[in-house]
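The values are calculated or read from the model by the stated rules, or taken from the named source; none is laboratory data. Values in this document were obtained by computation on a predicted structure and should not be read as measured data. Here the Cβ is made from the backbone with ideal geometry for all residues, glycine too, and neighbour counts use every protein chain on show.
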Amino acid sequence: MTVDSSSDAYWRTRGPFWQREADLMARAAQALNQPLIDAANIAPGQKVLDLASGPGEPAFTIAEMVGPDGHVVATDLVEEMLAGTRRRIADLGVSNISAKIADMQALPFEAGSFDRVTCRYGIMFAPDPAMAFSEVRRVLRPGGQCAFMVWGPRPNNTMLEILHQAIADEFGGANQHDGDAPFRFAANGSMTALFDAAGFAQAEEREVEMTPRVETGKPFWEVQFRMNVGPLLAGHPDAAPIEARIRKKVEAGFADTVVDGHHQLSIHARIGRGTAPQVGG
Ligand SMILES: C[S@@+](CC[C@H](N)C(=O)[O-])C[C@H]1O[C@@H](n2cnc3c(N)ncnc32)[C@H](O)[C@@H]1O
C-alpha cells in the first residue's frame, strides 16, 4: 500500500474519491477558507494562483471575491485531483477560474505573474518545500503576497487523529506523525527559514484554532471516512471486514469526544504568510 503522501501515485488513487465528495467538502470547509483569504488580503480584480487545489477549494471561494475583473488559476500536481475543479467550473459556469496541472516546485508561469498565491493544505506535500517557496516568490509580482494553510499538530485535529489512528491500527505503516509530510509545518516557526531563504521581504505565521461542537447521532465523519478509507480498500479482497473494523474504531473514537451531549472537536490549522520584496527593495 502506498503511504507516501508526497508522491503523485498517492494523490492519483485519491482523486476519484475526493472528486465525488467535492461539493459537500466545499460547503463544509468555508470556515477554514476565511482565515486564509484574510491572511492573503484577497480583493476584487486580483490575479490569484491557488496551489494544490485538488477539487477546488479555496479557489472557487477566492474567484467569487476577486470578481469579474480578477482571475484564479487553480493548479494541482495530478489530473485525478484537479478533475473535481474542472467539473465544478463546468457545473457552476464560473468564467474567472481556469485549471492547470502544475507541480508547485516548478511552476509553469512567468516571473511576477500573480498578485497573490494561496494554498490550503498542500505546501507540506512538496518533497522539496524550499523549491516550492522559491517558485512562489518568483511568480509573485513585487509586493505580492502569499498565504499557505497547513495542519497544526495531529493530536489537535480530532478528525485526522481518529481516522489516521484507526487506519494505522489496521494497516500499520499508514500512520502519520508530527514531522511526517502532512504535519511538516505543525510547529510554530517551521516555515520561517523557508520564507527567508526564498527571499521574501516579510513573513509571519499564525495559528487558526477552532473547537466545533457537533450534535450526536449524526455520522459527520462519513465524508472524510470515504475519502480516507475508500482509496485503501478499492479492489481489496477483504474490503468489507476491514472497513467494518476501521468503522468500529472510528465510531468508538468519536464516542470518546462526547461532552454534555455533543461531540467536542478541535481543529488546529496554521497559516504562513509572505510578502515579496518591492522592486529594488
Ligand atoms: C490535502 S489535498 C488539498 C486539496 C485542496 N487544496 C483542499 O484544501 O481541499 C493536497 C493536494 O496537494 C496536491 N499536491 C501534492 N503534491 C503537490 C505538488 N508537488 N505540487 C502541486 N500539488 C501537489 C495533491 O495532488 C492534492 O490535491
I'd like to check something: does region 90-98 contain any residue that is at pLDDT 95 or above, hydrophobic (A, V, I, L, M, F, W, C) and within 10 Å of the ligand (Cβ to nearest atom)?
no
Would you point out which residue out of Met65, Met131, Met124 is in contact (Cβ under 8 Å) with a residue 12 or more places away in the chain and closer than 30 Å to Phe254 by Cβ?
Met124
Which condition from (1) in contact with a Lys or Arg (Cβ under 8 Å, 6 or more places away or on another chain); (2) farther than 30 Å from Ile246 by Cβ; (3) in a helix (DSSP H, G or I) is the one that Gln165 breaks?
(2)
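Please pick out the residue among Thr13, Thr118, Thr75 that is under 14 Å from the mean Cα position of the chain (by Cα) and more than 30 Å from Thr211 (Cβ to Cβ). Working first, answer last.
Numbers: Thr13 fails: under 14 Å from the mean Cα position of the chain (by Cα); Thr118 fails: more than 30 Å from Thr211 (Cβ to Cβ).
Of the residues listed, the single one that is under 14 Å from the mean Cα position of the chain (by Cα) and more than 30 Å from Thr211 (Cβ to Cβ) is Thr75.
Across region 27-78, what is the total count of residues that are outside any helix (DSSP H, G or I), more than 8 Å from the ligand (Cβ to nearest atom) and either aliphatic (A, V, I, L, M) or within 16 Å of Ala99 (Cα to Cα) (or both)? Steps first, answer last, please.
Residues of region 27-78 that are outside any helix (DSSP H, G or I), as a first pass: 29, 41-58, 67-78.
From what's left, more than 8 Å from the ligand (Cβ to nearest atom): 41-49, 67-74.
Narrowing the set further to residues that are either aliphatic (A, V, I, L, M) or within 16 Å of Ala99 (Cα to Cα) (or both) leaves 42-43, 47-49, 70-74.
Total meeting the criteria: 10.
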Output for Cβ contacts, cut-off 8 Å, separation at least six or different chains, first residue without any contact (Cβ under 8 Å) to a residue 40 or more places away in the chain and over 17 Å from Glu21 (Cα atoms) in region 33-58, second away from the ligand (no atom under 15 Å from the Cβ) and not in a helix (DSSP H, G or I), reads Pro44/Gly67; Pro44/Asp69; Pro44/Gly70; Gly45/Gly67; Gly45/Asp69; Gly45/Gly70
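For Ile123, are the conditions met, namely being away from the ligand (no atom under 15 Å from the Cβ) and surrounded by 22 or more Cβ atoms within 10 Å (Cβ to Cβ)?
Values: away from the ligand (no atom under 15 Å from the Cβ): no; surrounded by 22 or more Cβ atoms within 10 Å (Cβ to Cβ): yes.
No.
I'd like the residue in region 138-160 that is in contact with a Phe, Trp or Tyr (Cβ under 9 Å, 6 or more places away or on another chain) and closer than 17 Å to Ile42 by Cα and, out of all such residues, is farthest from the ligand (Cβ to nearest atom). So that I can check it myself, show each step before the final result.
Within region 138-160, the subset in contact with a Phe, Trp or Tyr (Cβ under 9 Å, 6 or more places away or on another chain) is 138-141, 144, 146, 148-154, 157-160.
In the following step, the residues that additionally are closer than 17 Å to Ile42 by Cα were identified as 139-141, 144, 146, 148-149.
Numbers: Val139: 13, Leu140: 17, Arg141: 21, Gly144: 19, Cys146: 14, Phe148: 10, Met149: 8 Å.
The extreme case among them is Arg141.
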